[in-house]
């Protein structure tokens, strides 16, 4: 049987290659998707639902669907309903290499959906250029495009573009959070958890209880020059939350978790 020539194989590969825009309900991913659709009108838009994000995200998602003129496909882990279930079942919060919830609820879902031939669109902004380059070096087999970096667009640029499109930004941004992540992220620092305590006391108390149950503290404090555990129920009342907390990395490619903390 005659083998298929290389040109024909490449033609078939191009014919069936998908373009996947990873939409996260953040305004950067929204703008990246909008730009990608101008280049790839048949692109698939995928959103991974962790079950623990603000309820306003569904409103933002539907507003963006109207802006895109396309449906956003919602993907979800088939085992865990939300981050709290991951914490309860795995008894793991976070390590210096990442969080178990990200691996279970985002990374594994993405890996199950993606194909080796996909062109994958991500909403990395110009501030995240070094982060993107590190990821590309570690995953050379992936075909990644980042339209925001190509156009040197920043996070603030994306806020402005979404506003100009007549779309109300997600509630988490309005409350001063730099990222529209799950409510109660185990990678958040003291300023982040101070803001969570103010706006989402139920989730704050829930995480504080989990910390004590696992004897694991998300935050640390210095005592006589030594870093020791700072449990959430010990968080000072005078935490300054007038300024946004540091950005929390919680994308589809957050670092792997380790089994023992």
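Worth pointing out:
- Residue with peak Gaussian network fluctuation, the chain [Cα springs, cutoff 10 Å], from 97, 132, 148: 97
- Angle between the chain longest axis and helix 129-138 axis [Cα atoms, degrees, rounded to 10]: 70
- Computed FRET value (nearest 0.05) for residue 164 with residue 198, which takes r as the C-beta separation and R₀ as 41 Å: 0.85
- Taking the stretch 141-159 and a reference point 7 angstrom along Cα→Cβ of residue 18, no backbone N atom is nearer than 13 Å.
- Helical mean residue ellipticity (222 nm; -39500 (n - 2.57) per DSSP H run of 4+; nearest 500) of the chain: -11500 deg cm²/dmol
- C-alpha long axis of helix 155-164 to longest principal axis of the chain, angle in °: 70
- Ranking of 141, 85 by neighbouring Cβ atoms within 10 Å, starting from the fewest: 141, 85.
- Label point at residue 178 placed 7 Å out along Cα→Cβ; residues across the stretch 109-137 whose backbone nitrogen lies under 20 Å: 123-135
- Using a cutoff of 8 angstrom between alpha carbon atoms and counting only pairs six or more residues apart, the relative contact order for the stretch 77-201 works out to 19 percent.
- Rounded to 5, the percent of DSSP beta bridges in the chain classed as antiparallel: 30
- For the stretch 160-175 and the stretch 180-235, distance of Cα centres in Å: 28
- Most fluctuating residue given options 189, 51, 166, as computed from a GNM of the chain linking Cα atoms under 10 Å: 166
- Acute angle (nearest 10 degrees) that the helix 190-199 long axis makes with the longest principal axis of the chain, alpha-carbon atoms: 90
- Length-normalised contact order for the chain - Cα pairs under 8 Å, 6+ apart - percent: 22
- Length-normalised contact order of the stretch 125-178 in % [C-alpha pairs under 8 Å, at least 6 apart]: 36
- Between 175, 232, 222, the GNM of the chain built on Cα springs shorter than 10 angstrom shows 222 fluctuating the most.
Every read-out reported here was derived from the displayed coordinates using simple, explicitly stated rules and does not represent laboratory data. Small disclaimer: the values here were computed from a predicted structure and weren't measured. A quick note on method: Cβ atoms are made from the backbone with ideal geometry, for glycine too, and the neighbour counts reach across all protein chains shown.
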